[in-house]
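The values are calculated or read from the model by the stated rules, or taken from the named source; none is laboratory data. Fair warning: this is a prediction, and the values are worked out from it, not measured in the lab. Cβ: placed from backbone, ideal geometry, glycine included. Neighbour counts: every protein chain shown.
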Amino acid sequence: MTRALAPGFCFLLMLAAARTAPAGDWPEMRGPSQDGHAQAAGLPLHWSETNNVKWKTAIPFRGWSTPVVMGGQVWLTTATPEGHDFYALCLDAANGGISVNKKLFHADAPEPLGNNVNCYATPSPVIEPGRVYVHFGSYGTACLDTATAAVLWQRNDLPCRHYRGPSSSPVLFGDFLILTLDGVDLQYTVALDKGTGRTVWKTNRSVAFNDEDVQDPMVRLGDRRKAHSTPIIVTNAGQPLLLSAGAKACYAYDPRDGRELWKVRYPDWSAAPRPLFDRGVAYFVSGLRLAELIAVKADGQGDVTDTHVAWQRGTRIGKYSSPILVDGLLYTAAEQSFLTCLDAGTGEVVWTDRIGGNYEASPIYADGRLYFFNTQGLTTVLKPGRSCDILATNTLDSGLMASPSVAGKSFYLRTKTHLYRIEDSAPQSKAGKPD
């Protein structure tokens with residue numbers, strides 16, 4: 001591990017800056033609090049192709065990245081389906097017009113995806129006033145001026161054999177842009193100086209990869225080392241933690257210098273959902289093979305596998321869609337149409353029900369409602385609680401692979417083909433119905 005601590009950092013101020021976004025902005029995947037919670041009121045309860053669509057814009061090529069919204073701009077990424085060319089797009093939030101369509105990187109021989117789930121523009125951008133950061137894994141990372149779309153710096157020298165395409169999105173912490181690269185050959189986390197793009201620290205995953213411990217002949221060797229999850233940054237007992245799910249283990253790092261603080265080992269890989277954190281407990285989904293939701297007490301040091309796991313649950317846990325936590329209850333959407341509610345304190349199942357479809361996009365909690373978006377185009381809106389109380393269902397022509405965004409009173413929903421701005425066209429009462 002190489003690391004360098006920038007002088008004069010006050011991590012509490014840094015973390016506050018990372019969490020603070022002007023009202024109506026959505027600066028990164030899962031929003032300003034990194035957990036899918038939106039501080040919004042007046043969002044629509046109902047929509048369709050002909051109802052409450054403010055605009056709809058076709059997006060060229062293919063991408064599953066979450067749109068980020070700030071200052072009247074909507075930024076997202078896309079790439080040619082074969083992975084040769086990589087683009088940043090900016091749309092006008094008011095009318096959906098594409099104002100920037102900028103090619104950033106080219107790959108002569110991109111590695112084949114090997115599946116129908118991922119694409120070459122899955123990592124989401126992260127935005128702050130004046131700058132947007134776009135990431136395509138080892139194919140390239142760039143910082144753009146949001147006023148001029150000029151490239152301020154770019155890197156395409158961070159090695160990683162993604163094997164099934166890049167997925168993990170960047171996160172900001174103070175003066176750092178932090179990237180996660182978990183491939184079949186190399187697995188590491190790296191912090192770049194967000195002003196220059198230079199490497200500040202780099203930390204390799206420390207878990208031992210014993211590939212012979214898995215006897216399943218259907219699992220390719222490379223899959224056992226990969227992961228796709230985006231980390232979160234939290235404060236626990238006054239200390240910043242970078243919580244990150246990798247192959248064979250989940251970790252807590254000090255985001256100031258990359259130092260590993262603790263890890264929990266598990267026999268799983270290809271972790272995709274983003275972690276959660278609440279009241280001193282971190283929640284991770286282990287991967288695709290077992291798909292266990294693991295609650296870890298976050299005050300450990302070293303290998304805490306045998307001492308700090310509060311509970312783990314492996315029944316009907318979403319492998320791709322991140323869980324969401326509301327009022328002590330965890331909700332997770334699995335691929336086989338199951339939605340399950342767990343007690344966050346004990347891991348016990350409160351209820352489980354079929355709501356239809358498969359789930360890649362992560363849910364939203366806003367305006368007292370839970371929104372779940374499936375890959376077939378159906379959104380199911382629920383009232384949070386200890387029973388499955390469905391308030392509405394809404395359908396678009398195509399489904400969501402990208403996690404949604406919220407800004408002001410609007411949803412920005414990226415389907416497989418278009419970006420929509422969904423907003424009520426009539427005043428709404430507190431019950432969510434037209435006055």
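Of the residues in the stretch 410-435, how many are surrounded by fewer than 22 Cβ atoms within 10 Å (Cβ to Cβ) and either over 16 Å from ALA94 (Cβ atoms) or at pLDDT 95 or above (or both)?
Residues of the stretch 410-435 surrounded by fewer than 22 Cβ atoms within 10 Å (Cβ to Cβ): 415-418, 423-435.
Cutting the leftovers down to either over 16 Å from ALA94 (Cβ atoms) or at pLDDT 95 or above (or both) gives us 415-418, 423-424, 426-435.
Number satisfying all stated conditions: 16.
Of these, LEU144, LEU158, which one is surrounded by 20 or more Cβ atoms within 10 Å (Cβ to Cβ) and of a type outside the set (Gly, Ala, Ser)? Lay out the reasoning, then the answer.
On the way: LEU158 fails: surrounded by 20 or more Cβ atoms within 10 Å (Cβ to Cβ).
Going through LEU144, LEU158 in turn, the sole match is LEU144.
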### Query
Has the stretch 145-167 got at least one residue that is assigned to a loop (DSSP other than H, G, I, E, B), under 21 Å from GLY258 (Cα atoms) and touching a residue at least 60 places away in the same chain (Cβ under 8 Å)?
yes
## Note on the structure
Exactly one of ALA392, ALA407 is at pLDDT 95 or above and buried (at least 17 other Cβ atoms within 10 Å of the Cβ), and that residue is ALA407
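Being at pLDDT 95 or above, loosely packed, with under 15 Cβ neighbours inside 10 Å and either within 20 Å of the chain's Cα centre (by Cα) or not basic (Lys, Arg) (or both) narrows it down to one of THR203, THR196, THR189, so name that one.
Details: THR203 fails: loosely packed, with under 15 Cβ neighbours inside 10 Å; THR189 fails: loosely packed, with under 15 Cβ neighbours inside 10 Å.
Exactly one of THR203, THR196, THR189 is at pLDDT 95 or above, loosely packed, with under 15 Cβ neighbours inside 10 Å and either within 20 Å of the chain's Cα centre (by Cα) or not basic (Lys, Arg) (or both), namely THR196.
Check the stretch 210-222 and report whether any residue there is of a type in the set (A, V, I, L, M, F, W, C) and modelled with pLDDT of 95 or more.
If we filter the stretch 210-222 for residues that are of a type in the set (A, V, I, L, M, F, W, C), which is where we start, we get 214, 218-219, 221.
Pick out the ones that are also modelled with pLDDT of 95 or more and you get none.
No, the stretch 210-222 has no match at all.
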### Query
Which residues, counting only those in the stretch 297-346, are farther than 20 Å from ASN358 by Cα and polar (S, T, N, Q)?
GLN301, THR305, THR307, GLN312, THR346
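Which ranges mark the strands (runs of 3 or more DSSP E) fully within the stretch 252-296 that have 3 or more residues being touching a residue at least 40 places away in the same chain (Cβ under 8 Å) and under 17 Å from THR203 (Cα atoms)? Working first, answer last.
Values: elements: 260-265, 276-278, 281-285.
Result: 260-265.
Take the stretch 26-41 and flag every residue that is at pLDDT 95 or above and either part of a loop (DSSP other than H, G, I, E, B) or closer than 13 Å to ASP424 by Cα (or both).
Of the residues in the stretch 26-41, the ones at pLDDT 95 or above are 26-38.
Correct list: PRO27, GLU28, MET29, ARG30, GLY31, PRO32, SER33, GLN34, ASP35, GLY36.
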### Out of GLU335, GLU348, GLU360, sole residue that is within 20 Å of LEU290 (Cα to Cα) and at pLDDT below 95
GLU335
### Task
Report, by residue number, each residue of the stretch 26-58 that is buried (at least 21 other Cβ atoms within 10 Å of the Cβ) and under 20 Å from the mean Cα position of the chain (by Cα).
TRP26, PRO27, GLU28, MET29, ARG30, GLY31, GLN34, ASP35, GLY36, ALA38
### Task
Please enumerate the residues belonging to the stretch 304-329 that are in a strand (DSSP E or B) and touching a Ser or Thr at 6+ places or on another chain (Cβ under 9 Å).
ALA310, TRP311, GLN312, ARG313, ILE324
### Summary
Expected single match for of a type in the set (S, T, N, Q) and touching an Asp or Glu at 6+ places or on another chain (Cβ under 7 Å) among ASN374, ASN394, ASN358 is ASN358
### Query
So is SER398 over 18 Å from the mean Cα position of the chain (by Cα) and not in a strand (DSSP E or B) or not?
yes
### Query
Taking the condition farther than 29 Å from LEU243 by Cβ, in a loop (DSSP other than H, G, I, E, B) and either polar (S, T, N, Q) or modelled with pLDDT under 95 (or both), does ASN101 pass?
no
